[in-house]
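Since the structure comes first, as structure tokens, the remarks are kept for the end.
The values are calculated or read from the model by the stated rules, or taken from the named source; none is laboratory data. Keep in mind that this is a model prediction, so the values were computed, not measured. Here Cβ is always computed from backbone atoms with ideal geometry, including for glycine, and neighbour counts include all displayed protein chains.
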Amino acid sequence: MIYRQIIRSFIDYGSFLLSPLSNQRSLRLDRVQFQTLRIALGQMRSCPTNSLLIEAADAPLTVRRLYLAKKFFLNQYSSLSHPLIPKLIRLNNHCTNSPYWRNKELPLLVVAYRVFGIIPIYQSLLPPFFSFEFVSRYSKIPVFVDCGLDKNDTVYGSIFVNSTFNNYLDSILPNYTFIFTDASKLDADARVGVAYHCSSSAHSASLSISKFFSIFSAECVAILEALSYVESEGIKKAAIVSDSLSSLSLLKQNSISSKTPFLIVLIKNTVLKLIQNRFSVAFVWCPSHIGIRGNEFVDMLARDAVQNGAEDNSPPPAQDLWAVCRKSMLNDWNQIWRNSTKGRKLYALQPAPALQTWFHEWDVGRKNITTIGRLRTGHNSLPAHLHKINVVPDTNCRCGYPYCDINHVIFACPLFNQHRPMLLSSLARMGVFGPYFIPHLLSLNNYDILSTICSFLNKTQLPI
Ligand SMILES: [Zn+2]
């Protein structure tokens, strides 16, 4: 955490401008990253640097610089008036035509431009926050997010769920017309389906929008489509029913900031205009996949729209393409990790890099993170490893067994017989039975198993 906030932020700032960077200089920056992560994770000096990065869920700096360049480009590209874009276009042409650049590594912003400059994204002269009426930034719209139903209520059956939900709608919004909306993203490479369905008129419509839309933005597009139906049909009392809690929570907030997604600002602005024209518009959250008929129907329409919906080519917001940047950073990192010959013990446990550490959700304490981390990388203070790096003359255990590795210590060494029954009974309680093999137990990535191993090792007082 300290590394990410204090050290990496310094390394990151403007780092994509450093590239193309000589190997020697690049290595000097890499060493800062490696040394800090080694201290943070308590890994041994012998642990390969690529394993350190995987353990810390921190991408190599070369890969990260390209990721940052892409994100920076997207942010500026969404503004029609940003002075960087025409200059970047000129530089790109220069890189294509000038012999100077023929055998040189391209500047990262040019690489980013070549990837994303051809994808239409939402662009505006002003940042979205300033493009809409001032009053829409602070307007309050009625949003109901507590229908009292959740996934557990499915056990009472569809009739119960539907009657409870309909009674709830009638009690909070009597005489309203309810329009269900939903979005569906089945595959990152397929288009995204959005749909709405008006329960009283039985009218529905669906669209297939650009594959770059995030599910959040697609839900917002579905809401906007429903609002335009409300306006065109003159439905004076309309309530939009959506299962997207994230978008409704943002709509519920009284004020918006420059960080509020522009589609939320757009919805607020549209609602405000409707209210000025004497419409009453409200929003209701409904839990998905619990059998609410309107929601199930519109979910089916949205899924169908992925392939069969009318094509709509509205551009997605720039932020939605961040996911593409993240994915390509992971792909680049994955390639480096897969093709490396070092850190193969950890590779067997974790063949693909992740952007979150294995312990990110657990309160395990640094000592245990270090212990498990050293078991994962295979670089620990037991004779089997120390002998490999020429620290001790042999691999013998104190009990006389000729090969003292972690499997021996935990499951066989007679020196720790007194602690073993508790370990084995704990593992059996968790449904884990022998023959035991530590890499297999580590690969399960189960909090209880890992804590049991740690508490056993703590009792043995062996330095790991
Ligand atoms: Zn032993």
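Taking Asn380 as the residue in question, decide whether it is within 16 Å of the ligand (Cβ to nearest atom), touching a residue at least 40 places away in the same chain (Cβ under 8 Å) and under 30 Å from Asp332 (Cα atoms). Criteria met by Asn380. Contact map, the stretch 178-207: first residue assigned by TED's automatic domain parsing to the domain that holds Glu233, second residue part of a loop (DSSP other than H, G, I, E, B) and modelled with pLDDT under 90, Cβ cut-off under 7 Å, separation 6 or more or different chains; pairs are Phe178/Ser199; Phe180/Ser199; Gly193/Gly309; Ser206/Gly309; Leu207/Gly309. Exactly one residue out of Ile292, Ile264 is over 27 Å from the mean Cα position of the chain (by Cα) and either assigned by TED's automatic domain parsing to the domain that holds Gly148 or crowded, with 20+ Cβ neighbours inside 10 Å (or both), and it is Ile292. What residue, among those in the stretch 19-36 that are among the polar types (S, T, N, Q) and in a helix (DSSP H, G or I), is surrounded by the fewest Cβ atoms within 10 Å (Cβ to Cβ)? Here the residue is Gln24.
Residues of the stretch 408-444 that are more than 16 Å from the ligand (Cβ to nearest atom), of a type outside the set (A, V, I, L, M) and closer than 16 Å to Leu457 by Cα: Pro421, Ser425, Ser426, Phe437, Pro439.
Out of Ile438, Ile453, one residue alone is in contact with a helix residue (DSSP H, G or I) (Cβ under 6 Å, 6 or more places away or on another chain) and surrounded by 15 or more Cβ atoms within 10 Å (Cβ to Cβ). It is Ile438.
Looking at the stretch 267-280, which of the residues that are within 28 Å of Asp320 (Cα to Cα) and basic (Lys, Arg) is farthest from the chain's Cα centre (by Cα)? Looking at the filtered set, the residue picked out is Lys273. Scanning the stretch 262-269 turns up no residue that is outside any helix (DSSP H, G or I) and touching a strand residue (DSSP E or B) at 6+ places or on another chain (Cβ under 9 Å). Residues that are surrounded by 20 or more Cβ atoms within 10 Å (Cβ to Cβ), outside the structural domain of Leu173 (by TED's automatic domain parsing) and more than 28 Å from Leu169 (Cα to Cα) do occur in the stretch 322-331, at least one of them.
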